[in-house]
Amino acid sequence: MSTPTPRILFVDDDRNILQGLKRMLYSQRDQWEMHFATGSADALAALDQARYDMVVSDMRMPDLDGADLLSLIEKRSPSTIRIILSGYAEDNSILRTVAPAHQYMAKPCDPRSLIAILDRALALRRSLQNEGLRHLVTSLRNLPTPPAIFSELLRAIDSPTASAATVAEVIGRDVAMTAELMKMTNSAFFSTHSAVASPLQAVRLLGLETVRALLLSAGLFRQFSGSSATASLLDTINHFSLHLGMMAHSIAQDLSLDPQACTMAFSAGMLSHIGTLLLVDQMPHRVLQVQAHIKNGQTLEQAEQNNLGASYTELGAYLLGLWGFNKPILEAVMYQNHPDRCPAPAINILTCLHIAVGLAPEFPLFAPARADLPPEPYLNEAYLDSLALTPRLAKWRLRSQQTFMEGVA
């Protein structure tokens, strides 16, 4: 069965800019079905007539600007990928696009960069076959933060002694806030020379006042308000992810990766179960079904495929890719349990995360119910042998055990 040609709608009130986009993207005419709308009214009329996989909109337009347009599109067609492409960079404009836009790109944009970013977003869409799951992930605005951490962040940011380090330390213990803050700061709006790899880098880039605005008014962070049982699950995910991040960072240092890669290894560990967090928040009944199948003897992968049609790693990688995260973190999250499936095997942050995951205790939400069942996920011995890392596992295993014994998770 052939894959349908992706349909992309470009929106700008300036006809000259639209003509420039047409010329810029002419080479893609055989890969994409592209339509160009002059302003928001034309865009909404086009959306009434057809369904689009992606909308790329300018920010400043009369009557209805890009943020408002994308909010309407989000309601009409939640599974449509929504991107702002704008030459205006006022803080207020950026804050208004935080919720409805998946990514923010700055004009002028190099044609190759624009094509690469749009192509990657569309490729991710194709990689997740289940339409319901794609709809779930694409329609997601944010993820929940346990009440205790949310309150702690409020206190930290309002403290007379607040600093980037103290605020980032709190954010760095929460999967949702880590992902959402890095999503924003890795956008082209900030024009950084390298990817923002940690909450501390993100807070320093934004400044405390912007982080405060994101917390209080922009809707970037969301305090969980459900049952205490689910809140406990969120805490479990955060604690476990923190452990994985610390271990991945430590292993990266042992392997003499550069400081930026070590920082990215920590973030990859923190984000390794973002797919699980999404499921607990949006589909708790499916989590219960997966748990039931594991208790009946299925492996985690079997239970996921039977109940979801995708793994938590695929869901997490799809979300992070949609939010514009860089390739190393995407690959680490996607292939953490199967590093041999990564197209270019090498010692990198994926290696560090796989070892951290393989040496950690069973993830509590998906632990086998019977002692005779094999542990999951497991270390890929052939992969580690190919990198000559097997002799170093004993030291890392002891370090992982000590970390858990000290109460990190």
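The values are calculated or read from the model by the stated rules, or taken from the named source; none is laboratory data. Note that the structure is a prediction, hence the values are computed from the model and not measured. Virtual Cβ from ideal backbone geometry, glycine too; neighbours counted across all protein chains shown. Only protein heavy atoms, including side chains, enter the accessible area calculation; ligands, DNA and RNA are left aside. Shrake-Rupley method; radii C 1.70, N 1.55, O 1.52, S 1.80 Å.
Things to note:
- Extreme residue, surrounded by the fewest Cβ atoms within 10 Å (Cβ to Cβ), among residues of the range 199-241 that are under 30 Å from Ala261 (Cβ atoms), hydroxyl-bearing (Ser, Thr, Tyr) and modelled with pLDDT of 90 or more: Thr236
- Some residue of the range 177-189 being touching a residue at least 12 places away in the same chain (Cβ under 8 Å) and open to solvent by 50 Å² or more (accessible area, probe 1.4 Å): no
- Pairs where the first residue, in the range 135-146, is in contact (Cβ under 8 Å) with a residue 40 or more places away in the chain and buried (at least 16 other Cβ atoms within 10 Å of the Cβ) and the second is part of a loop (DSSP other than H, G, I, E, B) and aromatic (Phe, Trp, Tyr), C-beta under 7 Å, 6+ apart: Asn142/Phe221; Pro144/Phe224; Thr145/Phe221; Thr145/Phe224; Pro146/Phe224
- Among residues of the range 271-298, those that are touching a helix residue (DSSP H, G or I) at 6+ places or on another chain (Cβ under 9 Å) and either under 17 Å from Tyr335 (Cβ atoms) or among the charged types (D, E, K, R) (or both), counted: 8
- Meets criteria (open to solvent by less than 10 Å² (accessible area, probe 1.4 Å), farther than 23 Å from Val290 by Cβ and either modelled with pLDDT under 90 or of a type in the set (Lys, Arg) (or both)) for Cys352: no
- Residue that is touching a Pro at 6+ places or on another chain (Cβ under 8 Å) and farther than 25 Å from Thr263 by Cβ, where the choices are Leu308, Leu350, Leu300: Leu300
- Residues located in the range 128-177, provided they are β-branched (Val, Ile, Thr), over 30 Å from Gly309 (Cα atoms) and in a helix (DSSP H, G or I): Ile149, Ile157, Thr166, Val167, Val170, Ile171
- Residue within the range 301-321 that is under 30 Å from Ser139 (Cα atoms), touching a residue at least 24 places away in the same chain (Cβ under 8 Å) and polar (S, T, N, Q) present: yes
Residue-by-condition table, conditions (1) closer than 19 Å to Ala252 by Cα; (2) modelled with pLDDT of 95 or more; (3) among the charged types (D, E, K, R):
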{"position": "Asp372", "(1), (2), (3)": "no, no, yes"}
{"position": "Asp385", "(1), (2), (3)": "yes, no, yes"}
{"position": "Thr403", "(1), (2), (3)": "yes, no, no"}
{"position": "Glu406", "(1), (2), (3)": "no, no, yes"}
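- Scanning the range 147-169 for residues that are aliphatic (A, V, I, L, M), more than 19 Å from the chain's Cα centre (by Cα) and open to solvent by less than 40 Å² (accessible area, probe 1.4 Å) gives Ile149, Leu153, Ala156, Ile157, Ala162, Ala164, Val167.
- Annotation note: of Leu234, Leu242, Leu220, Leu277, the sole residue that is assigned to a loop (DSSP other than H, G, I, E, B), of a type outside the set (Lys, Arg) and within 19 Å of the chain's Cα centre (by Cα) is Leu220.
- Subset of the range 265-319 (residues that are in contact with a His (Cβ under 7 Å, 6 or more places away or on another chain) and of a type in the set (Phe, Trp, Tyr)): Phe266, Tyr312
- Single residue of Arg112, Arg125, Arg120 found to be assigned to a helix (DSSP H, G or I), open to solvent by less than 40 Å² (accessible area, probe 1.4 Å) and more than 18 Å from Glu180 (Cβ to Cβ): Arg125
- Checking each residue in the range 1-31 for being acidic (Asp, Glu) and loosely packed, with under 11 Cβ neighbours inside 10 Å picks out only Asp30.
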